[in-house]
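Heads up: the structure comes next, in structure tokens.
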Amino acid sequence: MKRESVFDLPHKGLRIALAELCAAATGNDFSLPQERAAFENLFASVWELIAAHSETEERVTFTELDARLPGASHALRAEHDQLDTAYAELRGAVARGEHCSETENFCRDLDRFSAAFAAHMNREEDEIEPLVWQYFSDDEIQSHRRNIMVSDGPEKLLKYFRFVFYALTEKQTQEILARLEAMFPAAAFAEAERLAASAGERRKMRL
């Protein structure tokens, strides 16, 4: 039986977020203030998700694993630092307006970052997840995921689910909504339903 993944949902969301960001970088007319602002807002939102995810991994997932297998997360923590530096360079380029004045170079740098981040997530799934399955029971993993969701809180989780819902099937979406209904205040759950419905409409458009 397939074990529950600790990376599945956040990584799906981050893959979608980065794909949208790369598409927006090449598909926007930056001479139009509205399109430029939309891209810059998306750029800031994606970085917020990346930073929040890395912080949660280091605070919870990596720390709990290192307690049972000292040093297990050392290489992945170092990669977080490298990726932070790479994204900081992209942030600087955006602040200088290079996404508008040197769009092709900026897009190549963004694509390289996206590829590096995808490789990093693959390493976590290929190297860290098997260790989590080896050193933690199913009940512990489920408790681990609940603790992350509770500690992140509705506001942060909704920022993820803006992208996550687009990467799920309708059945998976309903399963997640059932979990969120038990955890979220009414207003936050209503927003989750709205995001799920919007993602469902977008999924239809890609068929």
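Each value in this text was obtained by applying a stated rule to the coordinates, not by laboratory testing. In this text, all values refer to a predicted model and were calculated from it rather than measured experimentally. Every residue, glycine among them, receives a Cβ derived from its backbone with ideal geometry; neighbour counts consider all protein chains shown.
Brief remarks follow.
- For Val150 and Gln134, the difference between the fully extended length at 0.36 nm per residue and the C-alpha to C-alpha distance is 3.3 nm.
- Residues whose amide H comes within less than 5 Å of that of Leu168, counting only those at least five positions distant or on another chain, are absent (H built at 1.01 Å from N in the peptide plane).
- Counting only DSSP H runs of at least 4 residues, each contributing -39500 (n - 2.57), and dividing by the residue count of the chain, the helix-based mean residue ellipticity at 222 nm comes to -26500 deg cm²/dmol.
- Theoretical gain in end-to-end length, Ser45 to Glu4 [0.36 nm per residue, Cα-Cα removed]: 12.0 nm
- Taken over the alpha carbons of the chain as equal point scatterers, the Debye sum produces base-10 log I(q)/I(0) values at 0.09, 0.16 Å⁻¹ of -0.38, -1.15.
- For the stretch 1-15, backbone nitrogen atoms closer than 18 Å to the point 7 Å from Thr169 Cα along Cα-to-C-beta are found at 1-5, 8-9, 12-13.
- Maximal additional length on extending the Arg194-Asp84 stretch stands at 36.4 nm, based on 0.36 nm per residue less the C-alpha distance.
- In nm, spacing of pseudo-spin labels at Ser31 and Arg68 (7 Å Cα→C-beta vector): 5.8
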